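Chemist: Dropping a structure here in structure tokens format, bear with me for questions.
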Amino acid sequence: MKISTIKDLLEADVICNEELLGKHVYSACGSDMMSDVLAYVKDQAVLLTGLVNSQVVRTAEMMDMVCIVFVRSKQPTPEMIELARESGIVLLATKRRMYEACGLLYEGGLVGNKVKNG
């Protein structure tokens, strides 16, 4: 799925790196706890979150994510926007809540990580 499709599905605004909307992504995760993202997320390209601090961008960068979607009309700080711009991470913002946003992306074909039991 292209990042531009995510933008359309979530009726999101582009905050930075609009020129990268043509990139393809294959998985996503939603979390407000960056420690969980670091501990449990593997090979996710898109992070959906309602957390607004610079650790979100730093975490996404460490995990090689290419897009962050802020839910519930949250807006990143100027510092976050600059970090994302420098890192080549697309920032989007949607009015939708986390549950709905994740559901729309899943329904649209974007998947999460497979969970292994045991």
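The values are calculated or read from the model by the stated rules, or taken from the named source; none is laboratory data. Given the structure is predicted, the values throughout are model-derived calculations rather than measurements. Methodologically, a virtual Cβ is constructed for each residue, glycine included, from the backbone with ideal geometry; neighbour enumeration extends over all protein chains shown. Keep in mind that these areas ignore ligands, DNA and RNA; they rest on the heavy atoms of the full protein, side chains included. Shrake-Rupley method; radii C 1.70, N 1.55, O 1.52, S 1.80 Å.
Chemist: Take the conditions open to solvent by less than 20 Å² (accessible area, probe 1.4 Å) and in contact (Cβ under 8 Å) with a residue 12 or more places away in the chain and apply them to L104. Does it pass?
Modeler: Here the answer is no, as L104 does not meet what is asked.
Chemist: If you don't mind, another one. Can you tell me how many residues within the range 73-98 are in contact (Cβ under 8 Å) with a residue 60 or more places away in the chain, part of a helix (DSSP H, G or I) and either open to solvent by 10 Å² or more (accessible area, probe 1.4 Å) or β-branched (V, I, T) (or both)?
Modeler: 3
Chemist: Inside the range 1-54, can you point out the residues that are part of a helix (DSSP H, G or I), surrounded by 15 or more Cβ atoms within 10 Å (Cβ to Cβ) and in contact with a helix residue (DSSP H, G or I) (Cβ under 8 Å, 6 or more places away or on another chain)?
Modeler: Answer for the range 1-54, where residues must be part of a helix (DSSP H, G or I), surrounded by 15 or more Cβ atoms within 10 Å (Cβ to Cβ) and in contact with a helix residue (DSSP H, G or I) (Cβ under 8 Å, 6 or more places away or on another chain): I3, I6, L9, L20, M34, V37.
Chemist: Among all residue pairs at least 6 apart or on different chains, which show Cβ distances below 7 Å where the first residue, located in the range 3-17, is within 7 Å of V90 (Cβ to Cβ) and the second is charged (D, E, K, R) and outside any helix (DSSP H, G or I)?
Modeler: I3/K23
Chemist: Scan the range 55-72 for residues that are open to solvent by 50 Å² or more (accessible area, probe 1.4 Å) and either closer than 18 Å to K23 by Cα or of a type outside the set (A, V, I, L, M, F, W, C) (or both) and jot them down.
Modeler: If the condition is that a residue be open to solvent by 50 Å² or more (accessible area, probe 1.4 Å) and either closer than 18 Å to K23 by Cα or of a type outside the set (A, V, I, L, M, F, W, C) (or both), then Q55, R58, E61, D64, R72 are the ones that fit.
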